[in-house]
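Here's the structure we're looking at; comments come further down.
The values are calculated or read from the model by the stated rules, or taken from the named source; none is laboratory data. Please read these numbers as outputs of a predicted model, since none were measured by experiment. Using ideal geometry, Cβ is built from the backbone for each residue, glycine included, and neighbour counts are taken over all protein chains shown. The protein model used for the area step is the full one, side chains on, heavy atoms only, and it has no ligands, DNA or RNA in it. Shrake-Rupley method; radii C 1.70, N 1.55, O 1.52, S 1.80 Å.
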Amino acid sequence: METLLAGLRAAGEPTRLRLLALCAHGELSVTELTLILGQSQPRVSRHLKLLVEAGLLARFREGSLVFYRIAEGGESAYLARTLVDLLPDDDTELNRDLSRLDKIREKRAELAENYFQENAGQWNKIRALHVPEADVEARLKQLLGPDPIGNFLDIGTGTGRMLELFASQIERGVGIDLSSEMLAIARTQLERDEFRHLQVRKGDMYNMPVDDQSIDVATLHLVLHYSLEPSVVIAEAARTLAPGGRLIIVDFASHQEEKLRTEHKHQRLGFSDREIHLAMVQASLEPGPVDSLAGDPLTVKFWQAHRP
């Protein structure tokens, strides 16, 4: 009863109800919410604080920015969704807010696309060295199978492609990346496709903002070669896996393409099966089958493991 009353008190004010409605459509920063509502930042921040304290909104920091989204778990989250669903579709003020939200998203998409175009040439050079991405993704889908996935974690998510690929199977998905530019691309794409059960977070793959034993499937898709300490990354991924949880690492077999180190900041020129196997065992994981797709000159490997 107290939780319900606290939530109703927090939402029972026009501006806070508008904020709740906006944050139900995706992750928004204080600055963006201020622009949409046309109110001062201190005023908007006070309203957001009350909604977070009541458990209706979730707050998280990404570099110098703070983002808000509707809460996801617990009784307060259910109340938040219920209140948003009760809002009338023909309300003039709410529709004006959503129109301004569309303009914010268009600006985000423009910035993300500019970054993508600036870097597309480098990514295409690397893609040309191995089998087509469609083949890699098809093999990944085959390995994971068609069953539903509870909590999904994509480490080094980049543009969020793995989240998109498994969106229809995932109950809740999170992508972690250290690049704000990459996160902007991923967030724009996920919002465009209205994948509200998927989100991205800024975080270091050595120390992720993810609870222990909370993940059913984790992926490291063509990201481990950027790490100076791959075994530490695998141990950190293992920490997040629930009992029976699976880890799939997609990366290159050992190779001699030195230009990937000098031109594209790869820290490792691929991995041997033995190295990945040992790292998995040290992380208390049980290694599974190893698969591969041969390209020219890079072979893509699929290493699997699970938490017993």
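Criterion first (free of Cβ contacts under 8 Å to residues at least 24 places away in the same chain, assigned to a strand (DSSP E or B) and under 21 Å from residue 130 (Cβ atoms)) does residue 290 satisfy it?
Yes, satisfied.
Mind listing whichever residues of the range 134-167 are in a helix (DSSP H, G or I), open to solvent by 30 Å² or more (accessible area, probe 1.4 Å), under 15 Å from residue 195 (Cα atoms) and not acidic (Asp, Glu)?
161, the sole residue that qualifies.
Select from the range 26-42 the residues that are touching a residue at least 24 places away in the same chain (Cβ under 8 Å) and open to solvent by 60 Å² or more (accessible area, probe 1.4 Å) and write down the one among them that is farthest from the chain's Cα centre (by Cα).
35
Can you tell me which residue in the range 103-127 is surrounded by the most Cβ atoms within 10 Å (Cβ to Cβ), limited to those that are modelled with pLDDT under 70 and of a type in the set (Gly, Ala, Ser)?
112
Taking the range 223-248 as the search range and keeping residues that are open to solvent by 20 Å² or more (accessible area, probe 1.4 Å) and modelled with pLDDT under 95, which one is nearest to residue 133 (Cα to Cα)?
226
Of the residues that make up the range 176-187, is at least one surrounded by 14 or more Cβ atoms within 10 Å (Cβ to Cβ), hydrophobic (A, V, I, L, M, F, W, C) and in a strand (DSSP E or B)?
Yes, there is a match, as at least one residue in the range 176-187 is surrounded by 14 or more Cβ atoms within 10 Å (Cβ to Cβ), hydrophobic (A, V, I, L, M, F, W, C) and in a strand (DSSP E or B).
Residues in the range 249-268 that are surrounded by fewer than 21 Cβ atoms within 10 Å (Cβ to Cβ) and closer than 18 Å to residue 221 by Cβ: how many?
Summing the residues that are surrounded by fewer than 21 Cβ atoms within 10 Å (Cβ to Cβ) and closer than 18 Å to residue 221 by Cβ in the range 249-268 gives 7.
Residue 11 versus (1) open to solvent by 30 Å² or more (accessible area, probe 1.4 Å); (2) among the small types (Gly, Ala, Ser); (3) more than 21 Å from the chain's Cα centre (by Cα): which is the lone unmet condition?
So residue 11 meets the others, but not (1).
Could you please give the count of residues in the range 20-51 that are closer than 19 Å to residue 197 by Cα and either at pLDDT 95 or above or assigned to a helix (DSSP H, G or I) (or both)?
4
Go through the range 69-82 and give me each residue that's among the hydrophobic types (A, V, I, L, M, F, W, C) and either open to solvent by 30 Å² or more (accessible area, probe 1.4 Å) or touching a strand residue (DSSP E or B) at 6+ places or on another chain (Cβ under 9 Å) (or both).
70, 71, 77, 80
Does residue 190 count as assigned to a strand (DSSP E or B), of a type outside the set (Val, Ile, Thr) and open to solvent by less than 70 Å² (accessible area, probe 1.4 Å)?
No, not satisfied.
So residue 23 ticks every box in (1) open to solvent by 20 Å² or more (accessible area, probe 1.4 Å); (2) touching a residue at least 24 places away in the same chain (Cβ under 8 Å) but one. Which box is left unticked?
Among (1) open to solvent by 20 Å² or more (accessible area, probe 1.4 Å); (2) touching a residue at least 24 places away in the same chain (Cβ under 8 Å), residue 23 violates only (1).
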